[in-house]
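Presented below is the structure to which this report refers.
The values are calculated or read from the model by the stated rules, or taken from the named source; none is laboratory data. Just so it is clear, the structure is predicted and the values come from calculations on it, not from any experiment. Note that we place each Cβ from the backbone using ideal geometry, even for glycine, and neighbour counts take in every protein chain shown. The area values use the complete protein model at the heavy-atom level, side chains included, leaving out ligands, DNA and RNA. Shrake-Rupley method; radii C 1.70, N 1.55, O 1.52, S 1.80 Å.
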Amino acid sequence: MSGNMIQLESTCRATRIPSGEEVELPAGHEYAVSQALGGSVTLKDGANLYRVAVEDLDALGESFAASIRASESGQAADVPFSEDAVWDALRQCFDPEIPINIVDLGLIYDLGINELEGGKHAVSVKMTLTATGCGMGPAIAADAKAKIENIPTVENAEVDIVWDPQWTPHMISDEGRKVLGLD
């Protein structure tokens with residue numbers, strides 16, 4: 001889907017990248033699809049990038065939205081709880097500018113799991129961003145939280161953004177380096 005042009009069928013809420021500013025994109029305007037990963041879509045208009053969240057995909061057209069949702073359906077359904085299931089959920093979260101999930105990008109610093117009564121779980125994550133001034137942090141953290149809480153036995157998740165240690169490109173996994181062509 002990346003590289004396709006798309007015309008908005010209705011006004012669309014979006015987040016300007018990298019400022020994190022909430023904006024409204026006008027119906028009828030045409031955008032290039034920069035990436036469609038993890039349930040969200042990054043649109044490009046000249047030099048501007050916008051992240052459209054899964055709940056706002058209908059503005060991009062019914063068939064386009066359906067294809068994005070279909071690729072995301074069942075990600076956490078019927079998955080028994082495990083630490084691996086949490087890591088897999090986090091691998092479904094993507095930086096809206098870089099086509100690598102936040103795990104392979106090296107943004108996850110700590111993952112904690114507490115077992116609660118009744119077989120439920122509380123998950124805590126400490127993550128960072130590629131740049132301290134990135135306004136997309138709240139959106140990425142909210143996406144991670146939602147993906148983790150989609151695991152059936154997770155009662156709640158907390159995702160905190162931390163800045164120590166500072167992220168560097170050396171933290172990108174071997175898989176992420178392959179995606180970026182760095183190897």
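Data for the structure
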| read-out | value |
| --- | --- |
| With eigenvalues of the C-alpha gyration tensor scaled by 5 and rooted, the chain, Å | 28, 20, 15 |
| Accessible area in the full protein assembly, largest first, 1.4 Å probe, for CYS134, CYS12 | CYS134, CYS12 |
| LYS145 accessible area, assembled protein chains, probe 1.4 Å, Å² | 80 Å² |
| Carbon + sulfur, % of accessible area of the chain - ligands and nucleic acids excluded, 1.4 Å | 47 percent |
| Dipole of the stretch 3-65 [Lys/Arg +1, Asp/Glu -1 at C-beta], most positive-end residue of GLY61, GLY39, PRO18 | PRO18 |
| Relative contact order for the stretch 80-183, counting Cα pairs under 8 Å that sit 6 or more residues apart, in percent | 31 percent |
| Ranked packing of 98-108, 17-27, 158-168, most packed first, by mean Cβ within 10 Å | 98-108, 17-27, 158-168 |
| Helical segments meeting 24 Å axial Cα length and Kyte-Doolittle 1.0 threshold in the chain (DSSP H) | none |
| Accessible area of the chain divided out per residue, in Å², using a probe of 1.4 angstrom | 51 Å² |
| Charge-dipole axis of the chain as Lys and Arg at +1 and Asp and Glu at -1 on Cβ define it, positive-most pick from GLY112, GLY181, ALA131 | GLY181 |
| Ellipticity estimate at 222 nm from DSSP helix runs (n ≥ 4, -39,500 (n - 2.57)) divided over the chain, nearest 500 | -6000 deg cm²/dmol |
